[in-house]
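Chemist: Below are the structure tokens for one structure; questions will follow.
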Amino acid sequence: MNSFHRGRRLRRSPILREMVRETSLAAADLIMPYFVVETDDPAFRQPIASMPGQFQLSLAELEKEVGEAVKLGLRSVILFGIPAAKDEVGSGAYATEGIVQKAIRMIKKNWPELVVIADCCLCEYTSHGHCGIIAMGDTVGRVLNDSTLELLARTAVSQAEAGADIIAPSDMMDGRVLAIREALDEAGYEETPIMSYAVKYASAYYGPFRDAAESAPKFGDRRTYQMDPANVQEAMREMQADIEEGADIFIVKPAGPYQDVIRLMRDSFDVPLAAYQVSGEYSLICAAALNGWIDRKAVVLESLIGLKRSGAKMIITYFAVEALREGWIR
Ligand code: PBG
Ligand code: ZN
């Protein structure tokens, strides 16, 4: 009698389950975000209230933190800068002595093998908190696309000059991958890859990040440049555009709430995909775990394996270092 499927046969022991396991997590999949602050206080280490376990760090504190993480097996970081002063045009983003440029130089000097990704955007550096510049005297506060491209290109080149291994534009201006690609090539960085935030939604899950990066828009919101959470066909067009403009790696962001999008991108395009498990996804898990409502390790690993299963290769996650430290992922 062979009338029903006995799925349990292959679940009988840990080794058997491991043998039939279809996806796995490896240290090389993980990218850890860091927030580095321009400050005179080398001991500056400010906890981010809405992201328990994450900190704004001085350059010196970042050095310690990254040193520990490298020992634990971390392969890659993505850097966000918080400048001492902001202005209308985000000059801190493309300053040779900008905080991210300094952090990149410090990390590459200490750990040349570590893959350093530079988030390329203006919002942490503009006084108004938008990802692009705003026309002088514009009372409506429209974010200008084409004049922003030039500044993003400058930012990318300054990051590459500092030694960044990968440039990751997160602004969602149209044409920025092409503008950055051309500028990098012209400056002699034709081998520097672009990791584009290709499919980036206007998400409430970025809330804690904006506390961390002090980058909340002072007026309006980002919905004229980031994508409508209701759309998926539009994601196809955004991916297509970034492929044509010459991006090398493609981010879907946020990750968990958009796993259908990750799967569709995996099935539709033959390109390396990264999922960004954003600040709000991190905070939700932390909050429930801190209340004792869920098993932190189990939920973290389930959330990450879900992203792999959906089709992402790389995962940008605030859990990266913890997962290595605790031995959850090797
Ligand atoms: C900046 C940027 C944001 C994030 C990454 N790069 C915030 C935003 O677009 O408002 C969000 C990351 C996170 O929430 O963890 N453009
Ligand atoms: Zn931005």
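Values in this text are rule-based calculations from the coordinates and carry no lab data. Nothing here was measured: the structure is a model prediction, and the numbers come from that model. So basically every Cβ, Gly included, is an ideal-geometry build from the backbone, and we count neighbours across all protein chains shown.
Chemist: Determine the calculated [θ] at 222 nm for the chain from helices alone, applying -39500 (n - 2.57) to every DSSP H run no shorter than 4 residues and normalising by the residue count; nearest 500 deg cm²/dmol.
Modeler: -11000 deg cm²/dmol
Chemist: Might you report the magnitude of the Cβ-based charge dipole of the range 3-70 about its Cα centre, with Lys and Arg at +1 and Asp and Glu at -1, to the nearest 20 debye?
Modeler: On the way: 9 positive and 10 negative charges, 265 e Å.
Rounded to the nearest 20 debye, it is 1280 debye.
Chemist: Continuing with this model, one more query. Put +1 on the Cβ of each Lys and Arg and -1 on the Cβ of each Asp and Glu in the chain; which of 28, 92, 172 then has its Cα farthest toward the positive end of the dipole?
Modeler: The residue sitting most towards the positive pole is 28.
Chemist: How much length is gained on full extension from residue 297 to residue 40, taking 0.36 nm per residue of separation minus their Cα-Cα distance?
Modeler: On the way: separation 257, 0.36 × 257 = 92.52 nm, distance 3.67 nm.
Net length gain for the segment: 88.8 nm.
Chemist: What is the helix-to-structure angle for 233-245, meaning the angle in degrees between its Cα long axis and the longest Cα principal axis of the chain, kept from 0 to 90 and rounded to the nearest 10?
Modeler: It is inclined by approximately 60 degrees.
Chemist: With r defined as the distance between the Cβ atoms of residue 140 and residue 87 and R0 fixed at 25 Å, what FRET efficiency is calculated, to the nearest 0.05?
Modeler: Calculated transfer efficiency: 0.80.
Chemist: So how strong a dipole does the chain carry about its Cα centre when Lys and Arg Cβ are +1 and Asp and Glu Cβ are -1, to the nearest 20 debye?
Modeler: Working: 36 positive and 46 negative charges, 420 e Å.
The calculation lands at about 2020 debye.
Chemist: Here's another thing I want to ask about it. Each residue of the range 124-130 in order: what ³J(HN,Hα) in whole Hz does its phi give by Karplus 6.51 cos²θ - 1.76 cosθ + 1.60, θ = phi - 60°, with x for Gly and Pro?
Modeler: Along the range 124-130, the couplings run 6, 10, 8, 5, 8, x, 8 Hz.
Chemist: I've got another one for you. Per-residue HN-Hα couplings for the range 16-29, Karplus 6.51 cos²θ - 1.76 cosθ + 1.60 at θ = phi - 60°, whole Hz, x for Gly and Pro?
Modeler: Each residue's phi maps through the Karplus curve to give 4, 5, 5, 4, 9, 5, 8, 9, 8, 10, 10, 3, 5, 7 Hz.
Chemist: With just the Cα atoms defining each centre, how far is the range 62-133 from the range 273-330? Give it in Å.
Modeler: 23 Å
Chemist: What is the fewest-to-most order of 325, 8, 154 by other Cβ atoms lying within 10 Å of their Cβ?
Modeler: 8, 325, 154
Chemist: Within the set of other residues whose C-beta is less than 12 Å from the C-beta of residue 260, count the net charge using Lys and Arg as +1 and Asp and Glu as -1. Before the final figure, lay out the partial values.
Modeler: On the way: positive: 263, 266; negative: 267.
Here the charged neighbours net out to +1.
Chemist: Name the long-range amide H neighbours of residue 174: under 5 Å, sequence gap of 5 or more, or other chain; modelled H, no Pro or chain starts.
Modeler: So residue 174 has HN proximity to no qualifying residue.
Chemist: A further question follows. With a sphere of radius 15 Å drawn around the Cβ of residue 270, what net charge do the other residues whose Cβ falls strictly inside it have (Lys, Arg +1; Asp, Glu -1)?
Modeler: Its environment carries a net charge of -1.
Chemist: Determine the sum of side-chain charges near residue 50: Lys and Arg each +1, Asp and Glu each -1, restricted to other residues whose C-beta is under 14 angstrom from that of residue 50. Spell out each step's value before the answer.
Modeler: On the way: positive: 210; negative: 211, 214, 281.
Result for the neighbourhood of residue 50: -2.
Chemist: Considering only 82, 319, 147, whose Cα is most displaced toward the positive end of the charge dipole of the chain, charges sitting on Cβ of Lys, Arg (+1) and Asp, Glu (-1)?
Modeler: Projecting each Cα onto the dipole axis, the largest value belongs to 319.
Chemist: For the cross-link pairs 64/109; 64/313; 64/108; 71/109; 102/200; 86/253, which exceed 20 Å when the distance is taken from alpha carbon to alpha carbon?
Modeler: 64/313; 102/200; 86/253
Chemist: Could you state the number of Å between the C-alpha centres of the range 15-30 and the range 178-256?
Modeler: Distance between centres, Cα-based: 29 Å.
Chemist: For the charge dipole of the range 225-297, defined by +1 on Lys and Arg C-beta atoms and -1 on Asp and Glu C-beta atoms about the Cα centroid, which residue among 236, 256, 269 has the Cα displaced farthest towards the positive pole?
Modeler: Positive-most Cα among the choices belongs to 256.
Chemist: Below 8 Å between Cα atoms, with a sequence gap of 6+, how large is the relative contact order for the range 24-325 in percent?
Modeler: That works out to 19 percent.
Chemist: Please turn the phi angles of the range 61-66 into ³J(HN,Hα) values with the Karplus equation 6.51 cos²θ - 1.76 cosθ + 1.60 (θ = phi - 60°), one per residue in order, whole Hz, x for glycine and proline.
Modeler: Those phi angles translate into 5, 4, 4, 4, 4, 5 Hz.
Chemist: Checking the a/c ratio against 1.5 first, then a/b against b/c, what shape does the Cα gyration tensor give for the range 124-262?
Modeler: Here the range 124-262 falls in the oblate category.
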